[in-house]
Amino acid sequence: MKEFQGRTAVITGAGSGFGLEASRIAAGLGMNIVMADVQRDALDAAVAQIGALGAAVLPFVLDVSKAEQVEAMGAATMARFGAPHLVFNNAGVGAGGLIWETTLKDWEWVVGVNLMGVAHGVRVFTPMMLQAAALDPSYEGHIVNTASMAGLLNAPNMGVYNATKSAVVAISETLYQDLRLVTEQVSASVLCPFFVPTGITHSDRNRPVDMREDRAPTRSQLIGRAMSDKAVSSGKVTAAQVAQFVFDAVAQDRFYIYSHPRSLASVQVRMEDIVTGRNPTDPFAHKPELGETLRAQLRGLA
């Protein structure tokens, strides 16, 4: 996708983090922007910021896990701007803890947002984009799905998150290949960020009432949250930088988007585990003190 001026971007999770920064870049490029988020107050503040930059903005409050809400956003987008050119399926939530302590509500909430939110975005917007391509030889479209390095690695004590982000990588790779079968005008990418300071570790603020538990978090869930808070807050790469990486990749038709390329060394180790059939390598082999601390905490020794 080479041209952005006058074209339309749909961005979920636009109230903060990558979504807000991507909206800022889109505005600077002269795009129309559909900004969607589940948190109304955050979205209102974000829309005010982006609108002040001169962009035409269509705000949309929605829960991406709800098919009918994503469909309504698709209809509203078509009515206001026509078929979008860039779709950034970015909304996501974080959760951790030992995998057997993940409750049914935990699974339903995280899978609903992280996995089904992407699936709904792909299902709703891809046909619009393909139809636009069929009608206009100059049309260009691109879909970006936010996964995570957790989609390429499987760190302990964050199983439900790993599972959903691995699925997003699989969806995105398949989408890329499927699009290549039918068109040269629409492409796809997957974003796999590592630890970047955003609000994802406080996702519970937007957890629906019917998805909340009536018990306190388990020890492993509290430990997972504390570890994630520390790792994310100490990240040196900013959300604004990651958003720029996204637009650079779209312009270059580059599929894999990484915030921390050095972390690919761990992905290579995992691939070697798979290819050689050896048991999964200790994820803390390079920092054994972290592994010992986590084991001690989980076993109640610290």
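The values are calculated or read from the model by the stated rules, or taken from the named source; none is laboratory data. Just so we're clear, the structure is a prediction, and the values are computed from it rather than from any experiment. Cβ placement follows ideal geometry from the backbone for every residue including glycine, while neighbour counts extend to all protein chains displayed.
Of ARG295, ARG278, all but one fail to be outside the structural domain of SER23 (by TED's automatic domain parsing), part of a helix (DSSP H, G or I) and of a type in the set (Lys, Arg); the exception is ARG295.
Just one of the listed residues (ALA55, ALA36) is in contact (Cβ under 8 Å) with a residue 12 or more places away in the chain and not in a loop (DSSP other than H, G, I, E, B), and it is ALA36.
Residues checked against (1) charged (D, E, K, R); (2) within 20 Å of the chain's Cα centre (by Cα); (3) farther than 22 Å from PRO197 by Cα; (4) surrounded by 17 or more Cβ atoms within 10 Å (Cβ to Cβ):
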site	(1), (2), (3), (4)
GLN221	no, no, no, yes
ALA231	no, yes, no, no
THR238	no, yes, no, no
ILE257	no, yes, no, yes
ASN279	no, no, yes, no
ALA285	no, no, yes, no
GLY291	no, no, yes, no
ALA296	no, no, yes, no
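For the range 185-198, a residue qualifies if it is outside any strand (DSSP E or B) and within 16 Å of the chain's Cα centre (by Cα), and the qualifying residues are PRO193, PHE194, PHE195, VAL196, PRO197, THR198.
Within the range 130-162, if we keep just the residues that are in contact with a Ser or Thr (Cβ under 9 Å, 6 or more places away or on another chain) and over 24 Å from TRP109 (Cα atoms), the residue that is surrounded by the fewest Cβ atoms within 10 Å (Cβ to Cβ) turns out to be ALA134. The set of residues in the range 234-275 being in a helix (DSSP H, G or I) and of a type in the set (S, T, N, Q) consists of GLN241, GLN244, GLN252, SER263, SER266, GLN268.
Yes/no per residue for (1) among the aliphatic types (A, V, I, L, M); (2) farther than 29 Å from ALA251 by Cβ; (3) outside the structural domain of ASP282 (by TED's automatic domain parsing); (4) in contact (Cβ under 8 Å) with a residue 60 or more places away in the chain:
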residue	(1), (2), (3), (4)
GLU101	no, yes, yes, yes
ASP106	no, yes, yes, yes
ALA119	yes, no, yes, no
GLN131	no, no, yes, no
SER138	no, no, yes, no
HIS142	no, no, yes, yes
ASN145	no, no, yes, no
ALA167	yes, no, yes, no
SER189	no, no, yes, yes
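Within the range 21-33, if we keep just the residues that are among the aliphatic types (A, V, I, L, M) and touching a residue at least 60 places away in the same chain (Cβ under 8 Å), the residue that is farthest from LEU62 (Cα to Cα) turns out to be LEU29.
From the list ASN145, ASN90, ASN114, the lone residue that is farther than 20 Å from LEU43 by Cβ and among the polar types (S, T, N, Q) is ASN145. Applying the condition of being among the hydrophobic types (A, V, I, L, M, F, W, C) and under 20 Å from ALA243 (Cα atoms) to the range 153-184 and asking which residue is farthest from the chain's Cα centre (by Cα) yields VAL169. Taken over the range 25-51, the criterion of being surrounded by 21 or more Cβ atoms within 10 Å (Cβ to Cβ) and among the charged types (D, E, K, R) is satisfied by ASP37 alone.
Per-residue answers, yes or no, for (1) of a type in the set (Lys, Arg); (2) out of contact with any Leu (no Cβ under 6 Å at 6 or more places or on another chain); (3) within 30 Å of ILE143 (Cβ to Cβ):
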{"position": "ARG215", "(1), (2), (3)": "yes, yes, no"}
{"position": "ASP253", "(1), (2), (3)": "no, yes, yes"}
{"position": "LEU264", "(1), (2), (3)": "no, yes, yes"}
{"position": "PRO280", "(1), (2), (3)": "no, yes, no"}
